[in-house]
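As structure tokens, the structure follows; a few thoughts come after it.
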Amino acid sequence: MRWGLKPRLVLAFISIIIVPIAAAILFMTFYSAGMEEQAGNEDELGILLSEVKRTVDENAGYLAEPDLFYEKARPLLEKYDIELIVFSAEEDTVFNSAAHQGSGEASIWPDRLGKFNVDILTEEHGELSAEIQANSLSAPPFSQFKEMIYAILGAIAIGLMVLLALILIWTWYISKTILLPLKEIYHATEEVVEGNLDYPIRYGKKDEIGRFIQGFNLMRDHLKKSIEQQQQYERARKQLIASISHDLRTPLAR
């Protein structure tokens, strides 16, 4: 099956859009299959939230003295490498572990990836809420977000590489099947302008360019025949004039 110029250009356009997306989705699918082994992270996250609730509930009486509350919550904070902020029902901050943990190193990850909120009902202070912020995404239960980022970045990289490969392939193909024949047509027109009517264009495909080249060759052949006929008529006219002139001069000479 020989495709015309228009279907080939449409195919190139569609493939440049669809194939990179399909490659990225395929990569995400295989990568996600490997991440299923880490499905336990969701349970670990639930355990973390439960431990935070229990720690805040059991030590709510120390919230009035942040240093003492920090000492009680410190094992949990160090275990999961997290920061903890406790808010009252009026949304006032009653405890912020960052004041005790120090600034530390700035995380390269977006803040909201490792940030969670949990409501806590205590006997002494009533309803409280806690905000948990991960300092690192390397350790469970936050490592799943790191893997998610790697999967997204990997899918983007795969998609870009496939896109670049398709652009190079289609550029080469279009240059070979479209630009080179057009260049040959331009060269042939220059030959015709110079008077060379024996310069045919050879192109085997029967697409739009092939039909154009076929028409160009027919025009060139027709122009060549017309010029040859005109030259024959001109030679015949000169011979006729020469013959008449000779006949007119002959009687006078006698």
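The values are calculated or read from the model by the stated rules, or taken from the named source; none is laboratory data. These numbers were taken from a predicted model, which means no experiment stands behind them. Positions of Cβ are generated from backbone atoms using ideal geometry, with glycine treated the same way; all protein chains shown enter the neighbour counts.
Quick look at the numbers
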read-out	value
Long-range neighbours under 7 Å by Cβ, at least six apart or interchain, first residue under 17 Å from S136 (Cα atoms) and surrounded by 11 or more Cβ atoms within 10 Å (Cβ to Cβ) within segment 81-92, second among the hydroxyl-bearing types (S, T, Y) and modelled with pLDDT of 85 or more	E83/S97; L84/S97; I85/T93
Leading residue by the ranking (surrounded by the most Cβ atoms within 10 Å (Cβ to Cβ)) among those in segment 136-179 that are outside any helix (DSSP H, G or I) and of a type outside the set (S, T, Y)	F142
In segment 180-204, residue farthest from D221 (Cα to Cα) [restricted to those that are surrounded by 14 or more Cβ atoms within 10 Å (Cβ to Cβ) and among the charged types (D, E, K, R)]	E184
In segment 1-25, the residues that are over 19 Å from the mean Cα position of the chain (by Cα) and either in a helix (DSSP H, G or I) or among the polar types (S, T, N, Q) (or both)	L5, K6, P7, R8
Among residues of segment 1-25, those that are modelled with pLDDT under 85 and buried (at least 16 other Cβ atoms within 10 Å of the Cβ), counted	2
For N217: the one exception among (1) part of a helix (DSSP H, G or I); (2) modelled with pLDDT under 85; (3) of a type in the set (S, T, N, Q)	(2)
